[in-house]
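*Asks:* Before we start, here is the structure in question, set down as structure tokens.
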Amino acid sequence: MTLALLDSASLYFRSFYALPESMTAPDGTPVNAVRGFADTLARILTDRRPSRLVACLDADWRPAFRVELLPSYKAHRVADPDANAEEVPDTLTPQIPIILELLEAVGLATAEAPGYEADDVIGTLTAREAASPVEVITGDRDLFQLVRDVPTPASVIYVGKGWAKAEVLGPGEIAERYALPKDTAGPAYAAMAVLRGDPSDGLPGVAGIGEKTAAKLISRFGSVEALLEAAESGKAELPLKMRLKLTAAKDYLSVAPRVVRVAADAPVTLSGPDAVPGGPADPERVTELARRWNL
């Protein structure tokens, strides 16, 4: 009775860059992202056989609450500062409505939350789920923070190298890969990411602290807040050089955890029931979409 949560933008962006634009509809429109997304969706349904599935969407790719805390957040991806518009390839933008129309025609639910990213939608739906195991399908490591054992298992199916090389990662796998405590692998990963930083999201991290050092610090102190408190209080268990690095980054460390952690209480709305249907909701429309877009 698994609930599959799709990081939709991650999947269609990766499809767009993985497949050639020579994949076109009869009228010449590129449909490589649509084809890749649809193929991945078919593999998820066939290989993982979830009983429930939600394609999670970005209502706001760069939420104001994150930008207010950390102005550098995704700033390098802004195409139009006045509209806060994301830089998206010209030939990808027209394909997104096709993907949404296809999801509606086959009868699969979508979900979004005003003012929040898809990550927050996924985080909220995971936090709400108390009945079924959760599988988060994404090519984004940020969502590793959602792995858990209770109240129901939550794992990430990481497709950063494509579906054929997909990795199923739970708390044990995340703990082993990053040398983090298994019982807090999800929150510990988020804390490690704060210290390490992530240039792709505009997170500078703490100068001089890489992934391995960040993992050791979080494993020892448990959280960014506890680590910063230890640095400011001059605890001898932190070497002087490390204390100086952390206190120099105090302004960043005081806000970054709230930027990195996905929301667990976003106002998520679903387009319909999340049960995977036994057949397409509108077979004629699916046939027409397949014909029109060469799917």
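The values are calculated or read from the model by the stated rules, or taken from the named source; none is laboratory data. Note that the structure is predicted; figures quoted are calculated from it, not measured. Glycine gets a Cβ as well: all are built from the backbone with ideal geometry, and neighbour counts include every protein chain shown. Note: areas computed on protein heavy atoms with side chains; ligands, DNA, RNA excluded. Shrake-Rupley method; radii C 1.70, N 1.55, O 1.52, S 1.80 Å.
*Asks:* Is it true that ALA207 is surrounded by fewer than 13 Cβ atoms within 10 Å (Cβ to Cβ), among the hydrophobic types (A, V, I, L, M, F, W, C) and assigned to a loop (DSSP other than H, G, I, E, B)?
*Replies:* Yes: the conditions hold for ALA207.
*Asks:* Which residue, of LYS161, LYS165, is in the same structural domain as ALA25 (by the TED database), basic (Lys, Arg) and within 28 Å of ALA75 (Cα to Cα)?
*Replies:* Details: LYS165 fails: within 28 Å of ALA75 (Cα to Cα).
Only one candidate qualifies: LYS161.
*Asks:* Given the structure, is VAL136 modelled with pLDDT under 95 and among the hydrophobic types (A, V, I, L, M, F, W, C)? I'd like the intermediate steps shown before the answer.
*Replies:* Values: modelled with pLDDT under 95: no; among the hydrophobic types (A, V, I, L, M, F, W, C): yes.
Against the criterion (modelled with pLDDT under 95 and among the hydrophobic types (A, V, I, L, M, F, W, C)), VAL136 does not qualify.
*Asks:* So, one more: Restricting attention to the stretch 67-74, does a residue exist that is open to solvent by less than 70 Å² (accessible area, probe 1.4 Å), out of contact with any helix residue (DSSP H, G or I) (no Cβ under 6 Å at 6 or more places or on another chain) and of a type in the set (Ser, Thr, Tyr)?
*Replies:* Scanning the stretch 67-74, I find at least one residue that is open to solvent by less than 70 Å² (accessible area, probe 1.4 Å), out of contact with any helix residue (DSSP H, G or I) (no Cβ under 6 Å at 6 or more places or on another chain) and of a type in the set (Ser, Thr, Tyr), so the answer is yes.
*Asks:* Got a sec? Which of PRO71, PRO26, PRO89, PRO50 is free of Cβ contacts under 8 Å to residues at least 60 places away in the same chain and either part of a loop (DSSP other than H, G, I, E, B) or not assigned by the TED database to the domain that holds SER200 (or both)?
*Replies:* Details: PRO26 fails: free of Cβ contacts under 8 Å to residues at least 60 places away in the same chain; PRO89 fails: free of Cβ contacts under 8 Å to residues at least 60 places away in the same chain; PRO50 fails: free of Cβ contacts under 8 Å to residues at least 60 places away in the same chain.
The conditions single out PRO71.
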